[in-house]
């Protein structure tokens with residue numbers, strides 16, 4: 001069976017492949033840039049306060065959601081504990 005090369009999505013620049021599946025390099029660059037700008041803006045503490053639970057019921061709901069998410073996790077990447085791997 002012959003496999004054709006993956007086609008770039010409509011609107012993609014010819015000769016500029018966009019990796020899909022494991023990631024889109026251009027989107028990752030944009031995301032990193034946006035995160036850096038947000039951190040440098042000084043608005044992190046304000047956003048953190050706005051995201052905090054407003055009452056005990058909301059805190060319990062957030063904790064329940066966190067536990068549900070962690071229940072499906074394969075655990076933390078051991079390389080992060082060793083201080084090796086890619087810089088984040």
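Just a few scattered comments:
- Check on residue 53, modelled with pLDDT of 90 or more, out of contact with any strand residue (DSSP E or B) (no Cβ under 9 Å at 6 or more places or on another chain) and assigned to a loop (DSSP other than H, G, I, E, B): yes
- Scope the stretch 71-87; condition surrounded by 10 or more Cβ atoms within 10 Å (Cβ to Cβ) and part of a helix (DSSP H, G or I); matching residues: 79, 80
- Count - residues of the stretch 1-48 that are part of a loop (DSSP other than H, G, I, E, B), surrounded by 11 or more Cβ atoms within 10 Å (Cβ to Cβ) and modelled with pLDDT of 95 or more: 1
The values are calculated or read from the model by the stated rules, or taken from the named source; none is laboratory data. If you're wondering where the values come from, they're calculated on a predicted model, not measured in any experiment. Virtual Cβ from ideal backbone geometry, glycine too; neighbours counted across all protein chains shown.
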